[in-house]
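Step one of this worksheet: look at the structure below.
Read the figures in this text as sums done on the coordinates, not as results from a lab. Note that the structure is predicted; figures quoted are calculated from it, not measured. A quick note on method: Cβ atoms are made from the backbone with ideal geometry, for glycine too, and the neighbour counts reach across all protein chains shown.
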Amino acid sequence: MLEENDMTNLLRIGGKAPDFTLEDQDGKKHKLSDYKGKKVLLSFHPLAFTGVCALQMKSLEKNFAKFKKLNAVAFGVNIDHVPAKKAWANMLRIKKTRLLSDFWPHGDVAGKFAIFREKDGFSERANLIIDEKGILVYVRIYPIKELPDIDEVLEAIAHQPCECCSK
C-alpha cells in the first residue's frame with residue numbers, strides 16, 4: 001500500500017484528471033470530460049452491500065439538490081459490476097445519484113487516481129473533486145471504516161472558485 005505522501009504526489013492536485021468512461025447502475029456511459037463546465041465529485045467506496053458504503057451513497061442522494069446548486073455532480077464509484085450496482089441502488093432507493101462501475105478493467109479508474117488497493121482488490125474510501133476545467137483540486141482519503149463527512153465535502157466544493165470567477 002502507498003504511504004499517504006506518496007498518494008498525494010501521484011494524485012497531482014492541480015493536475016489534469018485522467019479521462020475515463022464508466023457505466024452507471026442503469027448501463028448508461030459517463031465520460032468525465034463530458035462534464036467540463038461542472039464540478040465533479042468522485043466518491044470512491046470499497047464495496048456495495050456494506051454498511052458504511054451504503055451510508056456514503058445515501059448521503060450523496062440526500063444532498064443531490066445541494067450538489068446541483070453548487071454546479072456539481074456527484075458520482076459514487078467502486079469495483080462492483082453494473083447489475084450489482086443496479087440491485088444495490090434499488091435496495092437503497094437511490095434514484096438520482098449515478099453509481100459508476102469500475103469493474104472492468106478491474107479498478108482501472110481507481111488505479112489512474114492511485115487509490116486502488118491491489119492486495120484487497122478494491123479502492124480506498126476517498127473523495128476527489130475535479131473542477132470545471134478537469135483539474136483535480138481536492139483529495140481526501142479516509143480510513144476504510146470511516147464515513148466521509150458530507151458537509152465537509154459540500155464545503156470543499158463550495159470553496160472551489162467557479163469557472164466564471166477564475167477568468
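Structure data summary
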{"read-out": "Overall form of the chain per C-alpha gyration tensor (a/c, 1.5; a/b vs b/c)", "value": "rounded"}
{"read-out": "³J(HN,Hα), Karplus 6.51/-1.76/1.60, whole Hz, each residue of segment 120-132, x for Gly, Pro", "value": "9, x, 8, 7, 5, 7, 8, 10, 10, 10, 10, 7, 5"}
{"read-out": "FRET efficiency, 1/(1 + (r/R0)^6) with R0 22 Å, evaluated for D108 and K16 via beta carbons", "value": "0.80"}
{"read-out": "Added length on full extension, which subtracts the Cα-Cα distance from 0.36 nm per residue, K28 to E146", "value": "39.5 nm"}
{"read-out": "Label-point separation, E155 to K133 (7 Å along Cα→Cβ), nm", "value": "2.6 nm"}
{"read-out": "Under the Karplus curve 6.51 cos²θ - 1.76 cosθ + 1.60, θ = phi - 60°, whole-Hz ³J(HN,Hα) for segment 37-52, x wherever Gly or Pro sits", "value": "x, 10, 7, 10, 9, 9, 9, 7, 9, x, 9, 5, 6, 10, x, 5"}
{"read-out": "At R0 = 30 Å, FRET efficiency that the Cβ-Cβ distance of A65 and E118 yields, to 0.05", "value": "0.20"}
{"read-out": "Shape category assigned to segment 19-103 from the gyration tensor of Cα positions, a/c cut at 1.5", "value": "oblate"}
{"read-out": "Check: the chain dipole with +1 on Lys, Arg Cβ and -1 on Asp, Glu Cβ, in debye", "value": "760 debye"}
{"read-out": "Entries of K95/K119; K39/K85; K62/K119; K66/K119; K95/K145; K29/K69 with Cα pairs more than 30 Å apart", "value": "K95/K119; K62/K119; K66/K119"}
